[in-house]
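Report on one structure; see the data block that follows.
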Amino acid sequence: MPDSAADQAASEALRANIDHKLLCQVATEPSVASKAEFYHALAQVAREQLAKRWVETQHADRQSQARRVYYLSMEFLIGRAMNNALSALDLRDQAALVFTPPGPSIDEVMECEPDAALGNGGLGRLAACFLDSMATLGLPSWGYGVRYEYGMFAQSIVNGQQVEKPEPWVQDRSPWEFQRASKHFTVHFGGTAEHHGEWAEWHAADAVEAKAFDHVIPGHGTERVSTLRLWKAAAPSEIDLGAFNTGDYQRAAELKNRFENISWVLYPNDSTSAGRELRLRQEYFFVSASMQDILDRHFTEYGSFDNLADKIAIHLNDTHPAIGVAELMRLLVDEHQMSWKDAWEQCRRIFSYTNHTLMPEALETWKVTLIQRVLPRHMLIIYRINQEFLDEVVRLYPGDIDLMRRVSLIDDGNGHEKDKRVRMAHLSIVGSHRINGVSQLHSDLMVQTIFADFARLYPERFHNKTNGVTPRRWLAQANPDLSSLLDERIGKDWRLDLDRLQGLRESADDRAFGASFAAAKRSNKLRLANYVSREVGINLDPDSLFDVQVKRIHEYKRQLLNVLHVITRYNALLDGTAVGCAPRSVIFAGKAASSYHMAKQVIRLINDVAAVVNNDPRTRDMLQVVFIPNYGVSVAELIMPAANLSEQISTAGTEASGTGNMKLSLNGALTIGTEDGANIEIRDQVGAENIFIFGNNTAQVAAIRAAGYQPGDLYRDNPALQEALDKIDAGFFSPGERSRYHDVFNSLVHYGDHYLLLADYADYVAAQERVDTLYLTPAEWQRKAILNVAGMGPFSADRTIRAYADDTWNLKTLTNT
């Protein structure tokens, strides 16, 4: 904490500025201001300073005429902005001096800010980390997305079940956004397309206005500030005045809502045809507005599109923005009269694409009939791109009809017109000059399996960019206790150069440092325990092992395998065979998609198991289970620093990378995990002896499936597994509804156990026993935890973004001077 005269003077100046904002912008006297009013005043102080840096950044970018990258993503899970802004402005310590008793603390003031509900899982958090790194590294960059008014949903748990409700995070306007009244574009839908040679005239049936809202993304250790531009959908006119004037008020309101619901909710439920159409409209809406904005900015600066590919790079974060390939072609050819050949050459140099999944069923496709109806011109463009691409394939591999069918942008639906689908990943690949996976394993499997044909056609396009996380938010801001300890031991430069963490290796055997490291961890565990007590009503023992699995709820992530271990552990505690067990608190968090029945069943089972285990006096001192609702960035900032054990237990070959594994290791958690995603690279960096790897690897998974996997045999041959599954099936955890989990039991025992939980169960339980043994040797546990932190340098988002800038986007670093 600063205590010099200069620091004190700076904090007094900050206090005067805050008081001025309270009087002039919040219209409140400082002596009676609430915490929320203090928050808004402090936000205005930070906003003003960031705005100045922001304007200087944009000026520097224009003056340099450097190439920019535009990062298109359906999600940006940016979390709260205040702490990050104060840290970037070097005001955090001053603010702590301002907010002292008897008034609110700085932490209490920052708690007033809602999380920005602009994402759900790793995809959105990765995008947010990347924007932070782009700004910090001084790269000319913009993010583009949707300004969701209600997020995905706010999750609550009622009677053990997930309940979804809107999350209106911007209902009181965010002080961190700037509405750009002059920046709005018209986005069209439906109608018909009329050809005129190379170009076509689109006679659209509907139009919606896209209004721009900008969020500032401050760099750290620099004056640079990047932009996240989000689009809000607005009806072309506020109401249908004709309908209103004839007394049809409901019709007038319906027409307004029909346009504006595009930006209401992230990932509308796609179990209905209306939901699927809304998703397509949502994706095209933000892509079209972004493309129009990009071209408008470029033409304003250069007066020509001839140098477009020299000055812009557009990155597709997964396939949600893939329609951008067709949209850019439409704009260049139809709106700006560029020849098809020249436009396509520009496109191929501009676009790059990150793939985030190896599961064929997760690769986005759209019915041809839907695109024809909603985006008729784009369907024609996709047909032409596909034809020219297949002509190229024929020249390279004449007569290989099967290859053409596999790589075509159109799945022919076995000849049924209504079943034809556009493969958006294929469109992304054909339209991009660089395609990457997000861990070395993922990238290797990508070119060996789902995109093997494309890798044969375009081997030079495929490469790896292992994901990373920003150390500013996920260590410096989320874990101030550990950060202070690191500063004392290795200096402060690790915030901008995470490889400096290597310097901790020599401290791994320092018992005094290990004790301080353990004290920082316990402090974080107390903080999380207080939150859980307040929000969930469960009192966690801070001296127990905090066993954490926090991520989107999905079958491939195998939260259910974790539950099986919890039940096995509970059974062993009851029958007295749990020798050498450490007290353990098993912590789950994550949302299930609203239409994903099995994921919701897993959440309910977790809570039913928790209700039994936590209320059993025979076991509750040794085992507790908690599901923390409404998982998001701010909750993660509490959980990551408190975790002892990081559960990364997806079926090998299903998790592209993961970033939660990185955040947890960075904060000193040991990993129990499969050879999947970035777990392998984490093992290589921290040392195989400092991580708990278990289960079948990708080759073994493939062999098990090829041999005709019989999970029922494993169920019958393992008494502990059988007992755990039988309790689930018999309704032991759901006595009021004995059949509640028949479908869960059947999916594992009788219906194939698609994600091989039973195949990995025995090895997982054995690995958990090794965890217990180590945790009961605290000094050795701390040594390994320190070595985990020391090995996390390569997993900085700064390293990932430098690689993108050099290998994919061809960007140069800029300063504001």
**Asked** Once amide H atoms are placed 1.01 Å from N in the peptide plane, what residues at a sequence separation of 5 or more from Ala81, or on another chain, have their amide H within under 5 Å of its amide H?
**Response** none
**Message:** Taking 0.36 nm per residue of sequence separation and subtracting the Cα-Cα distance, how much length would be gained by fully extending the chain between Asn810 and His196, in nm to one decimal?
**Reply:** 217.4 nm
**Message:** Please give me the summed charge of the neighbours of Arg473: other residues whose Cβ is under 10 Å from its Cβ, Lys and Arg +1, Asp and Glu -1.
**Reply:** +2
**Item:** Where only alpha carbons of region 307-461 are counted, the Rg and the Dmax (Å)
**Value:** 15.1, 43
**Request:** Just the number, please: percent antiparallel of the DSSP beta bridges in the chain, rounded to the nearest 5.
**Result:** 45 percent
**Asked** Gln700 versus Ala96, label points 7 Å from Cα toward the beta carbon: distance in nm?
**Response** 4.6 nm
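Figure the gain on full extension for Tyr751 and Arg527 (residue separation times 0.36 nm, minus the Cα-Cα span) and round it to one decimal in nm.
Stretched fully, the Tyr751-Arg527 segment lengthens by 76.4 nm.
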**J(HN,Hα) series, region 636-649, from Karplus relation 6.51 cos²θ - 1.76 cosθ + 1.60, nearest Hz, glycine and proline x** = 4, 5, 8, 6, 4, x, 8, 6, 9, 10, 9, 8, 10, 10
**Message:** Can you give me the C-alpha center-to-center distance between region 509-557 and region 344-363, rounded to a whole angstrom?
**Reply:** 38 Å
**Message:** Give me the tail of P(r) for region 738-817 as a percent: Cα-Cα pairs with distance above 16 Å.
**Reply:** 75 percent
**Request:** Please find the FRET efficiency linking Ser339 to Glu56, where r is the Cβ-Cβ separation and R0 is fixed at 51 Å, and quote it to the nearest 0.05.
**Result:** 0.85
**Prompt:** Once phi is turned into ³J(HN,Hα) by the Karplus curve 6.51 cos²θ - 1.76 cosθ + 1.60 with θ = phi - 60°, what whole-Hz value does each residue of region 544-559 show in order, with x for glycine and proline?
**Reply:** 6, 6, 8, 9, 10, 10, 10, 4, 3, 7, 8, 4, 6, 7, 6, 4
**Item:** Normalised contact order of region 623-755, rounded percent, pairs of Cα under 8 Å and 6 or more residues apart
**Value:** 17 percent
**Request:** Give me the number: length gained by fully extending Tyr458 to Ala36, i.e. 0.36 nm times residue separation minus the C-alpha to C-alpha distance, one decimal in nm.
**Result:** 146.4 nm
**Request:** Before rounding to the nearest 500, sum -39500 (n - 2.57) across all DSSP H runs of length at least 4 in the chain and divide by the residue total; then give [θ] at 222 nm in deg cm²/dmol.
**Result:** -14500 deg cm²/dmol
**Fill in**
Ranked on Cβ counts within 10 Å of their own Cβ, fewest leading, Glu689, Glu194 go Glu689, Glu194
**Prompt:** For Phe546, which sequence-distant residues (separation of 5 or more, or a different chain) have an amide H within less than 5 Å of its own amide H, given hydrogens modelled in the peptide plane?
**Reply:** Ser585, Asn644, Leu645
**Item:** Efficiency of FRET between His184 and Asp444 - r from beta-carbon atoms, R0 41 angstrom, step 0.05
**Value:** 0.40
**Two-site FRET efficiency, Val536 against Ala6, from Cβ-Cβ distance with R₀ of 41 Å, rounded to 0.05** = 0.40
**Request:** Can you spot the lysines whose alpha carbon is less than 23 Å from Lys600's alpha carbon? Ignore those fewer than 8 places along the same chain.
**Result:** Lys165, Lys551, Lys557, Lys591, Lys727
**Prompt:** Tally Lys/Arg at +1 and Asp/Glu at -1 over every other residue whose Cβ is under 13 Å from the Cβ of Met291; what's the total?
**Reply:** -3
**Message:** Whole angstrom only: what separates the Cα centroid of region 753-817 from the Cα centroid of region 419-466?
**Reply:** 24 Å
**Prompt:** Which entries in Lys525/Lys663; Lys367/Lys465; Lys183/Lys256 show an alpha-carbon gap greater than 22 Å?
**Reply:** Lys367/Lys465
**Request:** With Rg and Dmax of the Cα atoms in Å in mind, check (1) 27.1, 82; (2) 26.5, 89; (3) 34.4, 147 and report the label derived from this structure.
**Result:** (1)
**Message:** Which log10 I(q)/I(0) values does region 8-62 give at q = 0.13, 0.20, 0.23 Å⁻¹ under the Debye formula, counting every alpha carbon as one identical point scatterer?
**Reply:** -0.39, -0.71, -0.83
**Asked** Say each of Asp616 and Ala207 gets a label point 7 Å from the Cα, pointing the same way as Cα to Cβ; how far apart are those two points in nm?
**Response** 6.6 nm
**Prompt:** What are the residues whose amide H is under 5 Å from the amide H of Trp202, where those residues sit 5 or more places off or on another chain and H is modelled from the backbone?
**Reply:** Glu194
**Complete:** Within region 492-526, the residues whose backbone N lies under 18 Å from a label point placed 7 Å from the Cα of Glu111 along the Cα-to-Cβ direction are 523-526
**Message:** Could you list Asp798, Asp499, Asp676 so that the one with the fewest beta carbons within 10 Å of its beta carbon is first and the one with the most is last?
**Reply:** Asp499, Asp798, Asp676
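Within 10 Å of each residue's Cβ, count the other Cβ atoms and sort Ile429, Ile401 from fewest upward.
By the 10 Å Cβ count, ascending: Ile401, Ile429.
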**Prompt:** From the backbone phi of region 15-23, what are the Karplus-calculated ³J(HN,Hα) couplings (6.51 cos²θ - 1.76 cosθ + 1.60, θ = phi - 60°) in whole Hz, Gly and Pro given as x?
**Reply:** 4, 5, 5, 4, 4, 5, 5, 4, 6
**Message:** Please give the Cα centre distance for region 590-654 versus region 165-225, rounded to the nearest Å.
**Reply:** 37 Å
**Asked** So what is the orientation-averaged projected area of region 502-587, using the convex hull of its C-alpha atoms, in nm²?
**Response** 8.3 nm²
**Asked** Can you give the relative contact order of region 493-801 as a percent, counting alpha carbon pairs under 8 Å and 6+ residues apart?
**Response** 25 percent
**Message:** Less than 11 Å Cβ to Cβ from Glu647, Lys/Arg counted +1 and Asp/Glu -1: what total charge do the surrounding residues give?
**Reply:** +2
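Rule-based calculations on the coordinates, nothing more; no lab input. Everything numeric here is computed off the predicted structure, so don't read it as measured data. Cβ sites come from the backbone with ideal geometry, for glycine too, and all protein chains shown count toward neighbours.
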